[in-house]
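Colleague: Below: one structure in structure tokens.
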Amino acid sequence: MAVDLRRCIGCHACSVACKAEFDVPLGVFRTWVKQIEKGTYPNVTVSFLPSLCNQCDKPICLRNCPTRATYQLDNGIVVVDPHRCIGCKYCIASCPYNVRFLNPFKKIVEKCEFCRHRLEEGLEPACVNTCPAGALVFGDLNDPNSKLSRALARNPVLVLKPEKATFPQVYYIGADQDAMHARGQVEGHD
């Protein structure tokens, strides 16, 4: 996935779509939008940074799951098996991106899985489908003609925390460096 921050308007439609798609309880999020304010009055700017599971190519969470509830599909998507997860939170503690949560009702860990049930039906993830600004681009990196591959070929991109060597598969176009390094402003995610 690519997030084109030149287009993101901070409307939170992606977060709302995700909550609706998965009936995510209040107070926790599969995806959210960080809001970073910079400057001093009257010269203040706001940057937005949608945050979701980075679907790392080398996920730390996978290595640290004692029950192997976290695993990686052949297409690279990192998922959680709800029948194997015991809610120990090792994966939450090891994720450098702070994008997992313990569902307070199910007592299992949940996270963004790129709406794999929608992908299986040939649909885009709910967040991508809902974004009114077209800031979220999804596709197959192995297909040079995919919308994602074309967007990445035309634009310089950044990933979150490259020094962690997890090789994130969510790319940010037009990212504000301060937003990339700032802590979140969502309760439970800062």
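Colleague: Could you look through the stretch 33-80, keep only residues that are farther than 18 Å from CYS95 by Cα and of a type in the set (Phe, Trp, Tyr), and pick out the one that is surrounded by the fewest Cβ atoms within 10 Å (Cβ to Cβ)?
Modeller: Checked the stretch 33-80; the qualifying residue surrounded by the fewest Cβ atoms within 10 Å (Cβ to Cβ) is TYR41.
For (1) outside any loop (DSSP other than H, G, I, E, B); (2) farther than 24 Å from PRO96 by Cα; (3) in contact (Cβ under 8 Å) with a residue 40 or more places away in the chain, each residue gets a yes or a no:
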| position | (1), (2), (3) |
| --- | --- |
| ASN145 | no, yes, no |
| SER149 | yes, yes, no |
| PHE167 | no, no, yes |
| TYR172 | yes, no, yes |
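Colleague: Scan (1) closer than 24 Å to TYR172 by Cβ; (2) touching a helix residue (DSSP H, G or I) at 6+ places or on another chain (Cβ under 9 Å) for the single condition PRO66 breaks and write down its number.
Modeller: Every listed condition holds for PRO66 apart from (1).
Colleague: Can you tell me which of (1) in a helix (DSSP H, G or I); (2) under 16 Å from the mean Cα position of the chain (by Cα); (3) free of Cβ contacts under 8 Å to residues at least 24 places away in the same chain is the one HIS117 doesn't meet?
Modeller: With respect to (1) in a helix (DSSP H, G or I); (2) under 16 Å from the mean Cα position of the chain (by Cα); (3) free of Cβ contacts under 8 Å to residues at least 24 places away in the same chain, HIS117 is out only on (2).
Colleague: Next question, about the same structure. Residues being at pLDDT 95 or above and either at positive phi or outside any loop (DSSP other than H, G, I, E, B) (or both): count how many of those fall in the stretch 95-109.
Modeller: Selection size over the stretch 95-109: 4.
Colleague: Check the stretch 125-138 and report whether any residue there is in a loop (DSSP other than H, G, I, E, B), at pLDDT 95 or above, over 29 Å from ARG6 (Cα atoms) and not hydroxyl-bearing (Ser, Thr, Tyr).
Modeller: We begin by selecting, within the stretch 125-138, every residue in a loop (DSSP other than H, G, I, E, B); these are 125, 131-135, 138.
With at pLDDT 95 or above added as a condition, the list becomes 125, 131-135, 138.
When the remaining residues are screened for being over 29 Å from ARG6 (Cα atoms), the result is none.
Checked against the condition, which is being in a loop (DSSP other than H, G, I, E, B), at pLDDT 95 or above, over 29 Å from ARG6 (Cα atoms) and not hydroxyl-bearing (Ser, Thr, Tyr), the stretch 125-138 yields no hits at all.
Colleague: Yes or no: LYS89 of a type outside the set (S, T, N, Q) and surrounded by fewer than 16 Cβ atoms within 10 Å (Cβ to Cβ)?
Modeller: Numbers: of a type outside the set (S, T, N, Q): yes; surrounded by fewer than 16 Cβ atoms within 10 Å (Cβ to Cβ): yes.
Yes; evaluated as a whole, the condition is true for this residue.
Colleague: Taking the condition of being part of a strand (DSSP E or B), of a type in the set (Ser, Thr, Tyr) and touching a Lys or Arg at 6+ places or on another chain (Cβ under 7 Å), how many residues in the stretch 48-82 meet it?
Modeller: Residues meeting the conditions: 1.
Colleague: Condition first: at pLDDT 90 or above, β-branched (Val, Ile, Thr) and under 18 Å from LYS161 (Cα atoms). Now tell me which residues in the stretch 25-54 satisfy that.
Modeller: THR31, VAL33
The values are calculated or read from the model by the stated rules, or taken from the named source; none is laboratory data. Keep in mind that what you see is a predicted model, and the values were worked out from it rather than measured. Positions of Cβ are generated from backbone atoms using ideal geometry, with glycine treated the same way; all protein chains shown enter the neighbour counts.
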